[in-house]
Amino acid sequence: MDKPQPSDGPVVAIESIGKVEEFGPDMVQTGDVVEDIRISGSPAVKAPFKGGKAAVQKILHAAFKRGDTSVVVKIRRGLLGPNRERKELQACLVPQGKRNYILRSIYDPTHTVGFADRTESECIALQESRSTRLVSELTKAHVQDGFASYPWEKKMNSRFLSYNHPTGGSFLSILVLPKALDSTSSHYDTIEETMGRAHSWLLSARKSGVPITFVNIQTEALLTKISGETASATVNCINDLSNITNLSLYGFEDYHGVDLGVVKAVRLWYRATGGEVPLEIKLNHYDTKLGFAVSRTDEGFIYISSVEEDNKEDEAPSTRCGLRDLYKQAKAASQLLIISRIANEKVLPWMVCSTGSIRCYDTISLSQKLSLHRKALLPFSIHLLLWDKPVNSAVENVDGRRTDRAPATSAEEPAEAVSSDPLSNELEEETASMGRESVGDVSFRFEDVILPRSWV
């Protein structure tokens with residue numbers, strides 16, 4: 001069957017007023033052919049309209065003089081035939097100039113249309129170009145951005161967040177600098193070797209009983225000043241990007257002719273396997289000691305190394321807050337009870353220097369600070385890293401109440417949470433393998449190794 005061809009006969013067509021791109025496909029638009037007009041309860045006036053647009057305006061003017069302003073316009077879209085599309089516009093009459101009227105939709109006041117004299121072929125062309133115009137408008141449209149105020153102080157100081165996510169958040173990491181190969185720090189180990197050091201630090205910490213889980217690893221650029229042979233050697237290497245992919249030090253020259261070097265360090269992100277739990281230690285005037293000792297692992301972690309046993313008549317602060325019970329459970333699980341924060345200040349190791357030394361906190365000064373808290377009778381909180389086994393103990397929470405359920409860690413990380421990432425599983429297998437090599441001496445880290453302790 002041959003496709004019907006548009007005639008060149010005159011018709012009255014719709015002429016949109018305003019931003020045409022805002023009108024949807026279900027709305028009457030420019031190029032739609034008017035088929036009939038019904039005003040209030042009067043019979044419909046059907047096309048063809050003898051006189052075209054002028055005849056339609058004459059009909060609308062007579063209706064407006066009678067006070068009839070409700071108009072229903074039916075249009076068709078496409079060629080004459082069974083596949084043509086019909087739409088309807090319910091509108092009200094709006095005078096615009098002398099004896100000239102437009103229609104405003106009763107459902108969308110921004111949708112206003114007028115009338116125009118066109119031919120059938122002109123209307124078909126306008127209808128076919130409508131999709132092209134919409135695509136053009138779509139390419140020009142952009143999602144706008146802006147600034148939204150946020151109540152940071154209120155959110156960070158809320159009771160729930162301050163309990164589960166202390167100051168600094170639960171994001172734990174250590175920065176591993178590349179090892180210097182000479183005394184002038186002009187040559188460093190490669191990135192691969194630095195990552196290997198970070199890997200060894202993590203595995204050694206876990207083997208010693210630190211309950212942490214791998215999260216992510218990334219390189220981090222640190223600026224430094226270079227000179228002499230180091231400058232000439234490292235500045236030239238950036239001419240070829242393939243030369244610097246595995247280098248820990250490369251250089252460039254700034255606008256003032258100063259040679260700057262970029263040292264690529266490795267940041268290792270980790271988390272507590274069972275999250276962090278806060279303990280509020282409250283003090284009484286008759287307390288002569290806190291009842292626990294602290295030590296430090298080779299990897300720089302501060303942990304509870306001993307807890308005093310006392311009688312019910314003279315309980316130490318460590319017993320009242322539930323620390324003694326947690327310590328016993330950690331020991332039974334062959335885990336160290338790591339202190340991550342004291343009074344919301346992190347006391348975790350944070351950097352491995354290029355000389356190999358680990359930047360961490362001193363147990364003597366830490367013990368002195370805790371003793372000052374006791375002497376001043378100022379309560380303080382400590383945060384502990386939990387392991388991946390359920391901990392059922394009577395822990396005193398931040399409000400001073402005791403609870404016999406597992407301590408809350410965080411809303412996102414339950415106490416039983418175990419990392420499911422492949423690299424973390426690989427690390428767990430290696431740790432388990434190293435653990436099997438020392439079967440028969442599983443409690444060595446609590447009894448057989450003599451470590452310095454600082455009692456408070």
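Legend: residue pairs LYS207/LYS289; LYS154/LYS375; LYS207/LYS328, Cα-Cα distance threshold 25 Å; pairs beyond threshold, LYS207/LYS289; LYS154/LYS375. Residue separation of TYR286 and TRP269 scaled by 0.36 nm, minus their Cα-Cα distance, works out to 1.9 nm of gained length. Number of Lys-Lys pairs in region 10-137 under 23 Å by Cα, sequence gap 8 or more or different chains? Number of lysine pairs found: 21. Modelled spin labels at LYS65 and TYR150, positioned 7 Å past Cα toward Cβ, are 6.6 nm from each other. One chain, two ends: VAL45 and ASN157. Fully extended at 0.36 nm per residue, the span grows by 33.3 nm beyond their Cα-Cα distance.
Here, P(r) means the percent of Cα pairs in each 10 Å bin from 0 to the largest distance; for region 10-137 it is 13, 47, 33, 7, 0.
For the peptides 65-72, 380-387, residues were scored by their other Cβ atoms within 10 Å and the scores averaged per peptide; the highest-first order is 380-387, 65-72. In order along region 202-217, the Karplus-derived 3J(HN,Hα) couplings, from 6.51 cos²θ - 1.76 cosθ + 1.60 at θ = phi - 60°, round to 5, 5, 5, 5, 5, 5, 7, x, 7, x, 10, 10, 5, 10, 6, 9 Hz, and Gly and Pro are given as x.
Counting charges near THR69 (Lys, Arg +1; Asp, Glu -1) among other residues having Cβ under 14 Å from its Cβ returns a value of +3. Stretching the chain fully between GLU193 and HIS142 yields a gain of 13.7 nm (0.36 nm per residue, less the alpha carbon separation).
The residues neighbouring LEU126, those whose beta-carbon lies less than 9 Å from its own, together hold a net charge of -1 under the Lys/Arg +1, Asp/Glu -1 convention. Between the DSSP loop rule and a limit of at most 16 other Cβ atoms within 10 Å, which chymotrypsin sites (Phe, Trp or Tyr not before Pro) in region 255-308 are left? Loop-located and lightly packed - TYR255, TYR286.
Any read-out appearing in this document is the output of simple, stated calculations on the displayed coordinates, not a laboratory observation. As the structure is a computational prediction, the values presented were derived from the model and not from experiment. Using ideal geometry, Cβ is built from the backbone for each residue, glycine included, and neighbour counts are taken over all protein chains shown.
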